[in-house]
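The values are calculated or read from the model by the stated rules, or taken from the named source; none is laboratory data. The structure presented is a predicted model; accordingly, all values stated were derived computationally and were not measured. Because the Cβ atoms are built from the backbone with ideal geometry, glycine has one as well, and the counts that use them run over all protein chains shown.
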Amino acid sequence: MGIDVSKPFFDASLMAVVDHQKQPIDTARFENSTDGMKSFEKWLKTHNAPLDENALLVIENTGIYHRIIWSFCSKKNLPIHIGNAAHIKWSFGIARGKNDTIDSIRLCQYAQKHYDEIKATPALDPVLMQLKDLVTSRSNLLSQLTSNKTYLKELKNVSDITVQKHLEKAYKTAIEGIAKSIKSLEALVAKIIADNTAFKTNYNLLTTVPGIGHITAVYLICCTCNFAGKPSGKQLACYAGVVPFENKSGISLKGKNRVHKMANKDLKKLFHLCALSAIQHCDELKTYYNRKKDEGKHPMSILNAVRNKIALRAAAVVNKQTPYVENA
């Protein structure tokens, strides 16, 4: 099955495979709501679709709009793969034209073609979703707070003093309110981490890695679904965009090794801050940074190597379930 999800509705395509023979694809549209999921379940029963390991549903990650479908699949034990939109799109090759129904058919064909290598996404964890929403809301509020403060600071050089005072007075309440809301969200995040054994265990392990603090540890738990898929260090580093890749072809293209632009930019920023902290307070990484700098390496190249090391160590401590021990 393939489903193309949008805010008001979703288009579903279903293909039965009998004795390795593909049957004609059937499509239908449903509301993206609880009532829509009931209609979708009746549609599946009409087509005798199994809700077990003999079925596979593929959707693209849409942020929040696919959560109702994800929750339905988790309750019914229906294997679902929530894939990266760019990866799935590129797998189609050259594709001309698109609409919601065609996209669902392509997702259905993708599921049939790659079923033997696709990994099912872990069941939806309501507590993890709460944590994600709190962390995302905190980031949005922090962005607003920074934007307001920056705007007032820039106005000091160009605005009339009287107007400036009125603006500062007007913004003061908003800034204090946002700051108060951020503290409230941070308290809720801390409570969820403390009350959930699985989150708390991985959080404590992650914070043993030099450079990783509270915010980065919580964000790693959110973006990896608490390391449910047990990503390797290389996978995590690649996801964060801190792995340099070759750019060579024959004799005509000889580019330098560079990190790829496709990455989780927020996680990359956090790893950058972790690296800056680590080269100041971790003797091992501080020595490494200074040694490479003396060898003539570019500072940003060295910092990226430190970011890579932190990503590798973060995955290692969680996968091995042992705290990080600094080399003597």
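Descriptive notes on the structure:
- Taken over segment 1-46, residues that are within 17 Å of THR101 (Cα to Cα) and part of a loop (DSSP other than H, G, I, E, B) amount to 8.
- Failed item in (1) touching a Pro at 6+ places or on another chain (Cβ under 6 Å); (2) of a type outside the set (Val, Ile, Thr); (3) touching a residue at least 40 places away in the same chain (Cβ under 8 Å), with ALA311 passing the rest: (1)
- Any hit, segment 121-134, residues being exposed (fewer than 13 other Cβ atoms within 10 Å of the Cβ), under 25 Å from ILE64 (Cα atoms) and of a type in the set (Gly, Ala, Ser): no
- Residue within segment 47-59 that is closer than 30 Å to ALA263 by Cβ and among the acidic types (Asp, Glu) present: no
- VAL325, sole failed condition from (1) assigned by TED's automatic domain parsing to the domain that holds SER232; (2) under 26 Å from GLY213 (Cβ atoms): (1)
- In this entry, ARG291 passes the filter for residues that are surrounded by fewer than 12 Cβ atoms within 10 Å (Cβ to Cβ), assigned to a helix (DSSP H, G or I) and either of a type outside the set (Phe, Trp, Tyr) or touching a Cys at 6+ places or on another chain (Cβ under 7 Å) (or both).
- Pairs with Cβ under 6 Å, 6+ apart, first in segment 255-269 and over 11 Å from TYR219 (Cα atoms), second of a type in the set (Asp, Glu): ASN257/GLU246
- Only one of the numbered conditions (1) without any contact (Cβ under 8 Å) to a residue 24 or more places away in the chain; (2) more than 30 Å from ILE221 (Cβ to Cβ) is not met by ARG106, and that is (1).
- Of the criteria (1) at pLDDT 95 or above; (2) in contact with a strand residue (DSSP E or B) (Cβ under 9 Å, 6 or more places away or on another chain), which one GLU246 fails: (1)
- Flag if GLU60 is within 22 Å of THR121 (Cα to Cα) and of a type in the set (Asp, Glu): yes
- When segment 306-325 is limited to residues that are assigned to a helix (DSSP H, G or I) and either of a type in the set (Val, Ile, Thr) or touching an Asp or Glu at 6+ places or on another chain (Cβ under 7 Å) (or both), the one that is farthest from TYR219 (Cα to Cα) turns out to be VAL306.
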